[in-house]
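The values are calculated or read from the model by the stated rules, or taken from the named source; none is laboratory data. Computed from a predicted structure; not experimentally measured. Positions of Cβ are backbone-derived with ideal geometry, glycine not excepted, and every protein chain shown enters the neighbour counts.
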Amino acid sequence: MNTFLSPNQEALQQQYGTFANEVVAPIAADLASHKTCLREFLQSLGQKGYMGISVPREYGGQGQSFLASVLFVEAIGEHEAGLGLTLASHQAVIEVLKKFGTDTQKSRYLPLLARGEVLGTLAFTEEQAGTDVFAVRTEAKATGDSFELDGQKVYVVNGEMAGLHLVLAKAESGLGLFLVDTGENGSVKAGLNRSRMGLKSARANDVKYNAVKVSCEAQLGQGKNAETITSFANDVAKVVISAAAIGLLRSCLKLSVEHARKREQFGTNIGQFQGIQWKLADMLTESVGAELQVHRAAWALEEETEKFATYAAMSKLLASKVAKVQTGEAIQVLGAAGLSEDLPLERFYRDAKAMEICLGTSEAQKIQLVTELRI
């Protein structure tokens with residue numbers, strides 16, 4: 001694989017960066033504090049085409065690669081990483097439909113997802129089914145030509161806003177995945193947003209499915225196939241949140257370098273001190289290494305599918321770890337200024353820690369990677 005971006009991808013990266021600097025940066029803190037309406041912001045992204053970057057043109061998207069979507073999340077992650085968590089679930093639903101959806105499902109939902117008129121979400125997690133995602137208790141009972149879903153999911157990202165839920169449930173024939181259109185099912189009830197230490201702009205709700213009826217045509221997979229699709233959706237989401245970590249790291253490096261150049265102590269700027277220089281060198285090296293791993297995973301989704309799950313786990317493990325460590329080092333470089341809420345570093349630090357847990361803990365990624373080594 002060529003680990004460097006193509007000229008087209010570099011142009012997109014520049015375009016996304018300009019957009020993020022002009023549109024996202026001024027409202028990043030307000031998004032995190034919920035002073036700016038997330039739903040309206042996402043709708044504006046959809047109107048500009050950014051919610052459907054990888055959706056094929058015949059379904060109203062831009063027809064770009066998954067890697068292009070990742071580059072966009074990196075750009076906005078430089079300012080508000082919680083948006084990466086929001087887009088992780090949405091993007092996962094898009095990629096699942098592209099790969100596993102029927103022609104009818106694609107025609108019906110991909111245009112809506114691409115325009116941001118409908119937001120996608122993964123409804124997998126339950127109180128007793130977190131890392132052990134397949135231990136779900138939500139039931140799907142067959143009733144003639146339809147199914148009836150009963151159960152409760154927790155920490156459903158976009159739960160209160162999403163119009164299309166990908167729900168994992170337990171049916172008589174084994175696990176099943178179902179597309180639940182909330183516009184057709186008023187019995188889907190989302191609770192309040194769960195408060196968290198990081199990634200605060202994203203909404204994460206408990207969602208109840210009380211006798212929610214879905215047609216057989218809304219079933220996306222069953223049995224082993226449902227497990228395969230669920231794992232694929234999670235892998236997509238891992239790569240997207242990893243991209244947000246890369247954006248966050250870029251901001252940390254930029255703020256650290258700027259401070260090292262300007263801050264004077266003992267008659268010189270602190271960037272002249274070896275202790276600071278080594279921190280910056282580590283920050284640069286580890287950030288670029290994590291970025292290459294994330295790009296490799298994004299590329300593999302379409303070009304090396306048999307290794308996508310492995311690279312996705314590596315990306316999540318490495319990017320979140322580097323983000324956690326290096327946001328802490330950035331705060332150390334800035335000293336008291338890094339602790340201030342006037343700068344985003346304290347928010348980045350909380351976001352980075354949350355990244356080590358959400359969408360699969362670091363320990364879960366290690367378990368997956370060791371399993372694939374077949375020791």
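Results for (1) closer than 30 Å to residue 350 by Cα; (2) crowded, with 21+ Cβ neighbours inside 10 Å; (3) not assigned by TED's automatic domain parsing to the domain that holds residue 245, shown as yes or no for each residue.
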| site | (1), (2), (3) |
| --- | --- |
| 165 | yes, yes, yes |
| 184 | no, no, yes |
| 189 | yes, no, yes |
| 196 | yes, no, yes |
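As a summary of the residue check, residue 143 satisfies the conditions (1) over 21 Å from the mean Cα position of the chain (by Cα); (2) more than 24 Å from residue 172 (Cβ to Cβ) except for the one numbered (2). Scanning region 204-235 for residues that are touching a helix residue (DSSP H, G or I) at 6+ places or on another chain (Cβ under 6 Å) and small (Gly, Ala, Ser) yields 221, 233.
None of 75, 140, 92, 81 is of a type in the set (A, V, I, L, M, F, W, C), in the same structural domain as residue 204 (by TED's automatic domain parsing), buried (at least 23 other Cβ atoms within 10 Å of the Cβ) and in contact (Cβ under 8 Å) with a residue 12 or more places away in the chain except 140.
Under the condition of being under 15 Å from the mean Cα position of the chain (by Cα) and among the basic types (Lys, Arg), the residues counted in region 352-366 number 1. Taking the criterion of being crowded, with 16+ Cβ neighbours inside 10 Å and among the small types (Gly, Ala, Ser), the residues of region 11-24 that qualify are 17, 20. Residues that are in a loop (DSSP other than H, G, I, E, B), over 14 Å from residue 113 (Cα atoms) and free of Cβ contacts under 8 Å to residues at least 40 places away in the same chain within region 27-69 comprise 35, 36, 37, listed in sequence order. Among the candidates 212, 118, the residue that is under 30 Å from residue 25 (Cβ atoms) and of a type in the set (A, V, I, L, M) is uniquely 118. Residues that are touching a Pro at 6+ places or on another chain (Cβ under 9 Å) and within 28 Å of residue 99 (Cβ to Cβ) within region 28-61 comprise 52, 55, 59, 60, 61, listed in sequence order. Quick one: count up the residues across region 331-375 that are exposed (fewer than 14 other Cβ atoms within 10 Å of the Cβ), among the charged types (D, E, K, R) and farther than 17 Å from residue 311 by Cα. Total satisfying the criteria: 2. Restricting attention to region 98-115, the residues that are touching a residue at least 60 places away in the same chain (Cβ under 8 Å) and of a type outside the set (Gly, Ala, Ser) add up to 8.
The number of residues in region 197-244 being out of contact with any strand residue (DSSP E or B) (no Cβ under 6 Å at 6 or more places or on another chain) and among the basic types (Lys, Arg) comes to 3. The C-beta contact set for region 211-239 (first residue at negative phi and free of Cβ contacts under 8 Å to residues at least 40 places away in the same chain, second residue not in a strand (DSSP E or B) and not hydrophobic (A, V, I, L, M, F, W, C), distance under 6 angstrom, 6+ apart or interchain) is empty. The set of residues in region 240-255 being touching a residue at least 24 places away in the same chain (Cβ under 8 Å) and farther than 15 Å from residue 324 by Cα consists of 240, 255. Taking first residues from region 337-360 that are under 26 Å from residue 313 (Cα atoms) and partners that are among the polar types (S, T, N, Q) and outside any helix (DSSP H, G or I), the Cβ contacts under 8 Å between residues at least 6 apart in sequence or on separate chains come to 360/131.
Any chance region 321-334 includes a residue that's in a helix (DSSP H, G or I), at pLDDT below 95, farther than 30 Å from residue 228 by Cβ and among the hydrophobic types (A, V, I, L, M, F, W, C)? The answer is no; no qualifying residue exists. Going by the structure shown, is residue 273 of a type in the set (Phe, Trp, Tyr) and under 17 Å from the mean Cα position of the chain (by Cα)? Criteria not met by residue 273.
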